[in-house]
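So the structure is just underneath, and the comments pick up after that.
The values are calculated or read from the model by the stated rules, or taken from the named source; none is laboratory data. As the structure is a prediction and not an experimental result, all values here were calculated from the model. All Cβ positions, glycine included, derive from the backbone under ideal geometry; neighbour counts span all protein chains shown.
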């Protein structure tokens, strides 16, 4: 996870302790002071993204050309959502594969739209966003069951991920999807499923009696 977070900072050209709001163009220390007075609260990335274009204009902080750039960046800033389901739930035995369908949604895009190139004030080259998919234990988030990535740029992308059932217990996992290009862009959903002992699972293979002799 630390490597993904490093990638976010690297692609945005920001140091570890730099406020993520600096991913938005035309943000300076002076701008932040003006935003604090206009918003009557400490400005942060989430609050700025939550405003409409009209509300940002009413703040009267940005010049016309700056406001256009800020609004464009805020409109295109990724909003991720994720859902997941176990496709073979109820039929999982020890050493079987658990099939997990992961559905990733870029909520800022319409159905047939695609994500554009990564917006960065400091990265010198055009590049596309990559989504990192990790299935981890949902309590401590220290054990990684699976790691994949998604390079598709659509409003909705799906993957089926298989992990091996290594113990007959009830599993509690978290599916995390994280952008490699934007700081703080992450979505998570939790899953629970039970792996049965081998003898508790119905035999799904057809066989002839003579084959057992």
- For residue 95, state whether it is assigned to a loop (DSSP other than H, G, I, E, B), loosely packed, with under 14 Cβ neighbours inside 10 Å and without any contact (Cβ under 8 Å) to a residue 12 or more places away in the chain. no
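So is residue 126 touching a strand residue (DSSP E or B) at 6+ places or on another chain (Cβ under 8 Å) and either surrounded by fewer than 19 Cβ atoms within 10 Å (Cβ to Cβ) or on the phi < 0 side of the Ramachandran plot (or both) or not?
Answer is no for this residue.
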- Filtering segment 125-179 down to residues that are over 13 Å from the mean Cα position of the chain (by Cα), more than 19 Å from residue 98 (Cα to Cα) and assigned to a strand (DSSP E or B) yields 154
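Would you be able to say whether some residue in segment 101-108 is more than 30 Å from residue 164 (Cα to Cα), in the same structural domain as residue 169 (by TED's automatic domain parsing), touching a residue at least 24 places away in the same chain (Cβ under 8 Å) and touching a helix residue (DSSP H, G or I) at 6+ places or on another chain (Cβ under 8 Å)? I'd like the intermediate steps shown before the answer.
Of all residues in segment 101-108, those more than 30 Å from residue 164 (Cα to Cα) come to 107-108.
When the remaining residues are screened for being in the same structural domain as residue 169 (by TED's automatic domain parsing), the result is 107-108.
The next check asks that each one be touching a residue at least 24 places away in the same chain (Cβ under 8 Å); those that pass are 107-108.
Of the ones still in play, those that are also touching a helix residue (DSSP H, G or I) at 6+ places or on another chain (Cβ under 8 Å) are 108.
Yes, that holds for at least one residue.
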- Looking only at segment 184-192, decide whether some residue is touching a helix residue (DSSP H, G or I) at 6+ places or on another chain (Cβ under 7 Å) and outside any strand (DSSP E or B). yes
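Quick check on this structure: which one of 158, 66 is surrounded by fewer than 15 Cβ atoms within 10 Å (Cβ to Cβ) and out of contact with any strand residue (DSSP E or B) (no Cβ under 6 Å at 6 or more places or on another chain)?
Result of the check over 158, 66: 66.
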- Query: Which pairs do you get when a residue that is closer than 12 Å to residue 176 by Cα, found in segment 138-152, comes within reach of a residue that is exposed (fewer than 14 other Cβ atoms within 10 Å of the Cβ) and at pLDDT below 95, reach meaning Cβ atoms under 7 angstrom, with the pair 6+ apart or on two chains?
  - Reply: 138/172
- Message: So, restricting to helices (runs of 4 or more DSSP H) that lie completely within segment 1-60, which ones have at least 3 residues that are farther than 28 Å from residue 126 by Cα, at pLDDT 95 or above and in contact with a strand residue (DSSP E or B) (Cβ under 9 Å, 6 or more places away or on another chain)?
- Response: none
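From 102, 82, 118, grab the single residue that is part of a loop (DSSP other than H, G, I, E, B) and surrounded by 13 or more Cβ atoms within 10 Å (Cβ to Cβ). Explain how you work it out, then say what you get.
Working: 102 fails: part of a loop (DSSP other than H, G, I, E, B); 82 fails: part of a loop (DSSP other than H, G, I, E, B).
Answer to the selection: 118.
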- Within segment 68-79, the residues that are in a helix (DSSP H, G or I) and in contact (Cβ under 8 Å) with a residue 12 or more places away in the chain are 69, 70, 71, 73, 74, 75, 76
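Among the residues of segment 194-202, are any more than 21 Å from residue 45 (Cα to Cα), under 16 Å from the mean Cα position of the chain (by Cα), surrounded by fewer than 18 Cβ atoms within 10 Å (Cβ to Cβ) and in contact (Cβ under 8 Å) with a residue 12 or more places away in the chain?
Our first condition is that a residue be more than 21 Å from residue 45 (Cα to Cα); within segment 194-202, this holds for 194-202.
With under 16 Å from the mean Cα position of the chain (by Cα) added as a condition, the list becomes none.
No, segment 194-202 contains no residue that is more than 21 Å from residue 45 (Cα to Cα), under 16 Å from the mean Cα position of the chain (by Cα), surrounded by fewer than 18 Cβ atoms within 10 Å (Cβ to Cβ) and in contact (Cβ under 8 Å) with a residue 12 or more places away in the chain.
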- Out of (1) within 22 Å of the chain's Cα centre (by Cα); (2) touching a residue at least 24 places away in the same chain (Cβ under 8 Å); (3) surrounded by fewer than 17 Cβ atoms within 10 Å (Cβ to Cβ), what's the single condition that is false for residue 50? (2)
